[in-house]
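Working notes, structure below.
The values are calculated or read from the model by the stated rules, or taken from the named source; none is laboratory data. A quick note: this is a predicted structure, and the numbers were derived from the prediction, not measured. When we count neighbours, we look across all protein chains shown, and the Cβ atoms used for this are built from the backbone with ideal geometry, even at glycine.
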Amino acid sequence: MSKKVLAVYFTQTGQMESIISHFTLPLESSPDISVEKLRIYPIHSFPFPWTSPAFFDAMPESVNSTPVELQAFTFKESHYDLIIIGYQPWFLSPSIPASSLLQHPSFKEISKNTPVITISGCRNMWINAQEKVKKMLKNANANLIGNIALVDRHNNYASLVTILYWMLTGRKDRKWGIFPKPGVSDEDIAGSALFGETVKDHLQKNEWNSLQENLLRQGAVNIKYNLMFIERKAGRIFLIWSKLINGSKKRRTLLVAFKYYLLIALCVAAPVILLVDALFFKPFLGRRIKQQKEYYAGVSLKQ
Ligand SMILES: Cc1cc2nc3c(=O)[nH]c(=O)nc-3n(C[C@H](O)[C@H](O)[C@H](O)COP(=O)(O)O)c2cc1C
């Protein structure tokens, strides 16, 4: 009997659409698998290119996973053998359209008791967002069986400059001809077909237990200690800022303060904190760090 796959995703620049196209190629080329692709759109679209105020204005609702209304969508089937969700982190949380999908009653209904694979495309910080996605999927009684995280592999500071350039101008070229091209590299986007091949094998055998292990062997997730360290701290701080800003009459002023806070935190405070950590803490925490990395590379959810 033919297997039915749903690949549902949001994208602004088209990056996630491209990832989904390559990832699902091996599945589509198999005669016994049908793939339905569904791109979702919020009713009030987010600007692209972004203005700086609009970009930071998305922070509180991203962090709080406040859903927005989506344009009506329908699924062709009443049940799928596999659901693939393509999303991107915004402010260390699933993007507002993606979290709106994950909380949508129709999505919760269709994903109930169904194997789900998540695939994200971002700058380089996706761990917090994936933890939130894990929780939302658990709320929907969906069964997360695989995760792939595609990132911009360039230096953290170079990619900070290039993502802002890309988001604020809409141009995905090399800033001043010096900086690297923003986003997930074309090679990595095309390379996601390799993960699709692995998923196809597991789908055909209907065996999911070893999927994430096999995806990890192919490099589907790569956790860098420094980024994990910054992200874990930043996730908690973003939550405080979002609570402060939410519903405040001084929203605009606070968002400007957040913008400068973020730039200083990333460019000045983070290197100092990382140095202190490298000298006094990291050398003694080898086992704990290994466990943390293993946990974030996996698909289980801490209670
Ligand atoms: C408002 C906003 C916030 C973002 N925050 C993050 C982030 O926290 N971590 C990260 O790695 N990338 C972040 N990005 C980059 C996105 O995850 C994504 O790579 C980019 O928006 C392109 O995705 P798309 O074209 O598929 O929508 C952010 C982008 C936007 C627009």
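Of the candidates GLU36, GLU69, the single residue that is closer than 19 Å to MET136 by Cα, out of contact with any His (no Cβ under 6 Å at 6 or more places or on another chain) and more than 14 Å from the ligand (Cβ to nearest atom) is GLU69. The set of residues in the range 259-299 that are closer than 26 Å to LYS134 by Cβ and either among the hydrophobic types (A, V, I, L, M, F, W, C) or touching a residue at least 60 places away in the same chain (Cβ under 8 Å) (or both) comprises LEU262, ALA265, LEU266, ALA270, LEU285, ILE289, GLN292, LYS293, TYR296, ALA297, GLY298, VAL299.
Okay, residues lined up against (1) among the hydrophobic types (A, V, I, L, M, F, W, C); (2) within 14 Å of the ligand (Cβ to nearest atom); (3) more than 29 Å from ALA270 (Cβ to Cβ):
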| position | (1), (2), (3) |
| --- | --- |
| PRO115 | no, no, yes |
| LYS138 | no, no, yes |
| SER185 | no, yes, no |
| PHE195 | yes, no, yes |
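Per-residue answers, yes or no, for (1) away from the ligand (no atom under 11 Å from the Cβ); (2) in the same structural domain as PHE48 (by TED's automatic domain parsing); (3) out of contact with any Ser or Thr (no Cβ under 6 Å at 6 or more places or on another chain); (4) assigned to a helix (DSSP H, G or I):
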residue	(1), (2), (3), (4)
ILE163	no, yes, yes, yes
TRP176	yes, yes, yes, yes
PRO182	no, yes, no, no
LEU203	yes, yes, yes, yes
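When only residues in the range 1-16 that are surrounded by fewer than 19 Cβ atoms within 10 Å (Cβ to Cβ) and within 8 Å of the ligand (Cβ to nearest atom) count, which is nearest to PHE48 (Cα to Cα)? It comes out as THR13. If you filter the range 99-121 down to residues that are in a loop (DSSP other than H, G, I, E, B) and touching a Pro at 6+ places or on another chain (Cβ under 9 Å), you find that the one that is surrounded by the most Cβ atoms within 10 Å (Cβ to Cβ) is HIS104.
Taking GLY170 as the residue in question, decide whether it is assigned by TED's automatic domain parsing to the domain that holds GLU28 and on the phi > 0 side of the Ramachandran plot.
When the stated conditions are applied, GLY170 passes them.
Please state which one of GLU69, GLU36, GLU77 is without any contact (Cβ under 8 Å) to a residue 40 or more places away in the chain and farther than 22 Å from THR169 by Cβ. The match here is GLU69. Considering each residue of the range 89-113, count those that are within 9 Å of the ligand (Cβ to nearest atom) and either at pLDDT below 95 or more than 29 Å from PRO47 (Cβ to Cβ) (or both), and give that number. Final tally of qualifying residues: 0.
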